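The next block holds one structure in the form of structure tokens; read it before the comments.
Computed from the coordinates by the stated procedures, all read-outs in this text should not be read as laboratory data. Fair warning: this is a prediction, and the values are worked out from it, not measured in the lab. Cβ placement follows ideal geometry from the backbone for every residue including glycine, while neighbour counts extend to all protein chains displayed.
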Amino acid sequence: MIKLEKKQVKIVSILIAVIFIGSVVAIALTQTGNIASAASSSSVGVVEYDRIMIQHPDMQTLDDQLKTAIDEIKKEFDEKSAGMNDQEKQDYYIQCQERILQKREDLLAPVIASVDSAIKAVADKRGLSVVLAKAAVVYGGQDITQEVIAQLNKK
């Protein structure tokens, strides 16, 4: 076995420590470089979904249809509930509310589908692999909200 003097052991220990620290620094730098390059060419898009929905060209028509449905259901409730006791009225009211919610979902479904389609079209055009709601993102991502609204207004 090789016998090392105290001074040689110190030098070898220092060399091992320097190599270890250098390796850790090199790994950290390469990882930081990858993050920086990923951020500059981000493949993540963000959208303000609520803003897109509000500015959707069909939303006014949808609102009008929903108001008409609500008025019809309210009129029907007033007519049918006239002879009901309080519990029956409450049960029928809940049924009417459920019908309104279902009507809203039915009316919104094609609008949501068109928004999702427009988001996908813009994302594909931009080469984005992921699109998130802007409210869920703390930092980064390419905001494509205006492009999606423009895409919807083209149709």
Problem set entry | Residues whose placed amide H lies under 5 Å from that of V137, excluding near-sequence neighbours | none
Exercise. Residue farthest toward the positive end of the dipole of the range 50-155, with Cβ of Lys/Arg at +1 and Asp/Glu at -1: which of Q90, A118, G140?
Worked result: G140
Exercise. Roughly speaking, what is the stretch gain from I21 to Y93, that is 0.36 nm per residue apart minus the C-alpha to C-alpha distance, in nm to one decimal?
Worked result: 18.8 nm
Seminar exercise, completed: The pairs in K67/K154; K67/K89; K80/K103; K103/K134; K75/K154 lying past 31 Å Cα-Cα in this model are K75/K154
Exercise. Given H placed 1.01 Å from N in the peptide plane, which residues other than close sequence neighbours of V46 have an amide H under 5 Å from its amide H?
Worked result: L132, Q142, D143, I144
